[in-house]
Amino acid sequence: MTQFQQFKSRRQIFAARMESGVAIIPTAPEQLRNRDAHYPYRFDSYFYYLTGFREPEAVLVIIAASRDTAAKHILFCREKNQEREIWDGFRYGPDAAKEVFGFDEAYPIAQLDELLPKLLINQPAVYAAFGHDQSWNQRIIGWLNQVREQSRAGAAPPAEIHDYRIVLDDMRLIKTSDELQIMQRAADISTQAHQRAMQTTCPGMREYEIEAELLYTFYRHGAQAPAYTSIIAGGANACVLHYVENNAELKSGDLLLIDAGCELDGYASDITRTFPISGRFTPQQRDIYQLVLAAQIEAIAQVKPGNRWNDPHQAALRVLAQGFIDLGLCQGSVDAILETEDYKRFYMHKTGHWLGMDVHDVGEYKQQGDWREFQPGMVLTVEPGCYIRPADNVPEHFWNIGIRIEDDVLVTHTGHEILTTAAPKTIPEIEELMQ
Ligand code: GLY
Ligand code: MN
Ligand code: MN
C-alpha cells in the first residue's frame, strides 16, 4: 500500500456516493501578492483530500461507475518541462503522477478544454462547485454548451447539476485514522510553539518577537505554514477579536493572548492560550481566567457522541453568565442573562467550530433544523473567552482584560480526547512554566 492509497480509497468512496455522472474538482489557483511575488501556494482542500497532489494547475475528474463501466479517476496536471523545472522546481507530469498517485488516467492540463466536453457527453449528472469561482463556472458552462451543440449527433449534456461539496463535506467531517495522526502531529507542534512562547515572553518585548518564536517552532518541526494569521495580542489588544497587527510592546501587568496553530500536511491546528506577561496573574486576571477555564472545562465535558453541536456552547454560556453575576459584571439571573444576551458585552462569539483541513472546517452544524449530533471522528475547537472593554458600568479593575482558552477536541466512541493538552492551561501550570 502506497502512502497515497488513502486518497484513492476516498475517491472510491466519493465515486460510490455520487452514484452516477462526472465530478470536476480543480485545485486552487496560484495567487499573486504583488508584481512577480506570489503568496505561498496552498492547494484546494477538496482536491487535496481526494488526491494528495500538491501542485497547482491540476484538476481531478471522477467518472462514477455506470451499468457497463467501472469508475474512473483522471488527473489533469502540468506537463514535465525542463526549462520551467530549472526555475520553479520539480513537477510530476501526467505519466509519473498517474503511477505514483494511482490514477486510472492522467493528461496534460493543456488538454482540459479539448477532453472535458467529450467526457461529459451523455452523462446523467455533473458535480461541480458552482458559485465558488466565476471563471470555473464559465468554463464548465462552456463545456456543457459544446456538448449541447452536438445534439444532432446524439450527444446530450448532463441533465442534473450537483455540488460535490455536499458529498465531500460529510466525508471530511468524520476524520480517518490517517487524518487524525496528522492532526495530532500538527497539534503537538503547535503546543510546543505555545510552550516556547510562554517561556520566551517577558516585559519590553514586542508582540512580533513572540510571533517569530511561534513561526520558528512551526517551521522547524516541518509544518508548512501557520493555519491562519497568528493573533499575538498584549493587554487591551486581546479585546480585539481579530487583532493581527502584532507590533505592540508587551507590558508587565498585562496578559498576552496568543491564538496560533500550524498547518501540517494539509491539516490545521488551532490553539489559544492567555498568560501574564510578567509570569504572575493579578487577582482580577485570576478571577476572569478561572471563570473562562471553568467554562471551557464544562464545555469540553459536553463533547461526546449523542450530545449535540450547541451543547458545549450552552454549557459555557451558563458558567460564564453565573461568573459575570458573581463578579458584578452582569445583574439578574443566569436565565435572564441568557434570554437578554447581556453576556454578549463580554462574550460575543461562539464556543467553537469544526476543525480539519480548513481551520473553520466544512460540515453542516444543523441537520433538518436540529443541531448536529456528535459522532466519533469529528474534531472541533472549544474556545470560550471573555473580553472586557472599558465601560461606565464595568468595574475599572477589569478593564482591558481579554482571555480566550482554545483546545482541539476529537469526539471518540466513549466521549472525547483533547489533542492539545500539552499546552499549559491551568494557572499553576502556566506560572510554573514561566518561572
Ligand atoms: N483562530 C481562528 C479561530 O479560533 O477560530
Ligand atoms: Mn478556533
Ligand atoms: Mn483560534
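The values are calculated or read from the model by the stated rules, or taken from the named source; none is laboratory data. From a predicted model like this one, the values you see are computed outputs, not experimental measurements. Glycine also receives a Cβ, built like all others from the backbone with ideal geometry; neighbour counts cover every protein chain displayed.
Brief remarks follow.
- Residues in segment 289-330 that are assigned to a helix (DSSP H, G or I), hydrophobic (A, V, I, L, M, F, W, C) and in contact with a Phe, Trp or Tyr (Cβ under 7 Å, 6 or more places away or on another chain) were compared, and the one that is farthest from Q375 (Cα to Cα) is F324.
- Of all residues in segment 100-159, those being among the aliphatic types (A, V, I, L, M), without any contact (Cβ under 8 Å) to a residue 60 or more places away in the chain and part of a helix (DSSP H, G or I) number 8.
- Test: residue in segment 274-283 that is under 22 Å from the mean Cα position of the chain (by Cα) and modelled with pLDDT of 95 or more: yes
- Search result, residues across segment 21-65 that are β-branched (V, I, T) and within 19 Å of the chain's Cα centre (by Cα): T27, T51
- Selection from segment 336-362 of residues that are surrounded by fewer than 21 Cβ atoms within 10 Å (Cβ to Cβ), in a loop (DSSP other than H, G, I, E, B) and away from ligand 1 (no atom under 14 Å from the Cβ): E341, V362
- Residue-level analysis places F275 among those that are more than 15 Å from ligand 3 (Cβ to nearest atom) and either free of Cβ contacts under 8 Å to residues at least 24 places away in the same chain or within 21 Å of T420 (Cα to Cα) (or both).
- The one condition in (1) on the phi < 0 side of the Ramachandran plot; (2) within 16 Å of ligand 1 (Cβ to nearest atom); (3) touching a strand residue (DSSP E or B) at 6+ places or on another chain (Cβ under 7 Å) that M198 fails to fulfil: (2)
- Which numbered condition P124 fails, given (1) surrounded by fewer than 18 Cβ atoms within 10 Å (Cβ to Cβ); (2) modelled with pLDDT under 95: (2)
- Some residue of segment 368-381 being out of contact with any Ser or Thr (no Cβ under 7 Å at 6 or more places or on another chain), in a loop (DSSP other than H, G, I, E, B), exposed (fewer than 15 other Cβ atoms within 10 Å of the Cβ) and in contact (Cβ under 8 Å) with a residue 12 or more places away in the chain: yes
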